[in-house]
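What follows is calculated from the coordinates using simple rules that are stated; it is not laboratory data. Model, not experiment: these values are computed from the prediction. All Cβ positions, glycine included, derive from the backbone under ideal geometry; neighbour counts span all protein chains shown.
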Amino acid sequence: MDVPNVPETVQTRCCIVGGGPAGMMLGFLLARQGVDVVVLEKHSDFLRDFRGDTIHPSTLELMHELGLLDAFLARPHQETRTVSLVIGGETLMLGDFTHLPTTCKFIAFMPQWDFLDFLADHARANPHFHLRMQAEATDVIAEAGRVVGVRVSTPQGLLEVRADLVVAADGRRSTIRERSGLEVMNIGAPMDVLWMRLPKLPGDPSQLLGRIEAGHMLVMIDRGDYWQCAYLIAKGSFEALKAQGLPALRAKLVDLAPFLSGRVEELRTWEDIKLLTVEVDRLKTWSKPGLLCIGDAAHAMSPVGGVGINLAVQDAVATSNILGPLLKDGPVDPKQLALVQQRREWPTEMTQRLQVLLQNRMITPLLKSKGPVSAPWFVRLLARWPYFRRLPARVIGIGFRPEHIR
Ligand SMILES: Cc1cc2nc3c(=O)[nH]c(=O)nc-3n(C[C@H](O)[C@H](O)[C@H](O)COP(=O)(O)OP(=O)(O)OC[C@H]3O[C@@H](n4cnc5c(N)ncnc54)[C@H](O)[C@@H]3O)c2cc1C
């Protein structure tokens, strides 16, 4: 006789789907307020390669407010105080973080898995925090027009997590937002990214950030003993690039950064190169009764400016500030859920507008260009006047409407 597969049921105040920057930070902050929280992460660890690496001054400020900054900065990381681009062989400094009104006047580069491990380690010390790895939410459970939990697949079998509030923090391909039928406004992106590692050798330039030549662009992130490289290509052009063969790609990389010559052979097969499709979108409404979306699940960010992690963390802080005190008493009214969108929609929209502006005015023309490239006028203006460099540093480093731990 078949034994029915009866799911295990877990009851909690808040179920957070997704252990990325938004989900882990929110889980940590809610547990810190005494709210019982279950975070579900579908992978068995945080150790995946295709994660952004930037921890911005505003996120470092939050660490400072939490009393965790020294412990955080004790982990291996690199610091950058300025942002430069090499366009057509000319080096232009575009951002200077040293004037920011924050404790840390730099961007910290730390592999995101280390950042998430750090949050998980500190959160686990709190009895209200429960992290379940290898737990993939597959659907929402709705009763009487309200989301009351999620169905979860785990190696041990099915699980139902029932909660006063479900938070979708499961990223730009969010299952939860798709299953809940929330309407997405697609904004679009003209590029995709090829993600690859190349060896770093003594004598390499330090903190090299962006290199642009006709038709292609390379961003290199210093990860200590290797370069994490993001090579931008026009959207949908990966197959055409593959058809040209790996030697052609290697030559393009050397063209952008000649010091890579002799190392690009480390890219042995196309398996060494991951295609990351870039999406930019935003939900019309971030919540419905019993459910709230935050981070990329509410607004997928372009990699331009490397601000997505920061925005995801800021959403988490706003959610914790607004809903944490209410959640202690049980379910949250839909009007109160809407307050999170009211608080975070403006900074999100402003950031996405700027990203789209840069995509359209700078990245698309450069990716289409066949001849020699030169910096657009606004880039020259920033490079020429040190005072103007504070503006991009502020937008990238702090963003619009920064949040603080209450
Ligand atoms: C190519 C590229 C490069 C980027 N580089 C940067 C950068 O350098 N700096 C920067 O700030 N931003 C960068 N971004 C943007 C940044 O990655 C995102 O904005 C940010 O990670 C969003 O955080 P999040 O927590 O909302 O979502 P995510 O980081 O996507 O986290 C979602 C988590 O949910 C888990 N999950 C998904 N589905 C489920 C499910 N059904 N059940 C359980 N768990 C689930 C995932 O495994 C993941 O751990 C980049 C984006 C792209 C595309």
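Things to note:
- Close amide H contacts of MET217 (hydrogens built in the peptide plane, cut-off under 5 Å, sequence separation of 5 or more or a different chain): LEU232.
- What you get for the chain, charging only the Cβ of Lys and Arg (+1) and of Asp and Glu (-1), is a dipole of about 1200 debye around the Cα centre.
- Taking amide H positions as modeled 1.01 Å from N, with prolines and chain starts lacking one, the residues under 5 Å from LEU131 and 5 or more places away or on another chain are VAL39.
- Coordinate range of the alpha-carbon atoms in the chain per principal axis, descending: 65, 56, 39 Å.
- Taking the charge dipole of region 325-406 about its Cα centre, with +1 at Lys and Arg Cβ atoms and -1 at Asp and Glu Cβ atoms, the residue from PRO347, PRO392, LEU337 reaching farthest to the positive side is PRO392.
- By the rule of a C-alpha distance below 23 Å, with chain neighbours fewer than 8 residues away ignored, the lysines paired with LYS242 are LYS252, LYS274, LYS368, LYS370.
- Cα pair count fraction exceeding 19 Å, expressed as % - region 348-406: 45 percent
- Net charge dipole, region 148-243: roughly 140 debye, given to the nearest 20, about the Cα centre with Cβ charges of +1 for Lys and Arg and -1 for Asp and Glu.
- Using θ = phi - 60° and Karplus 6.51 cos²θ - 1.76 cosθ + 1.60, couplings along region 124-129 (whole Hz; Gly, Pro as x): 4, 5, 9, x, 7, 9
- Assigned charges on the beta-carbon of Lys, Arg, Asp, Glu; region 11-55 dipole about Cα centre (debye): 140 debye
- Dimensionless Rg over Rh [region 252-343; C-alpha; Kirkwood]: 1.24
- Phi angles of region 157-165 translate, via the Karplus equation with coefficients 6.51, -1.76, 1.60 and θ = phi - 60°, into HN-Hα couplings of x, 7, 9, 10, 10, 9, 8, 5, 9 Hz per residue; Gly and Pro are given as x.
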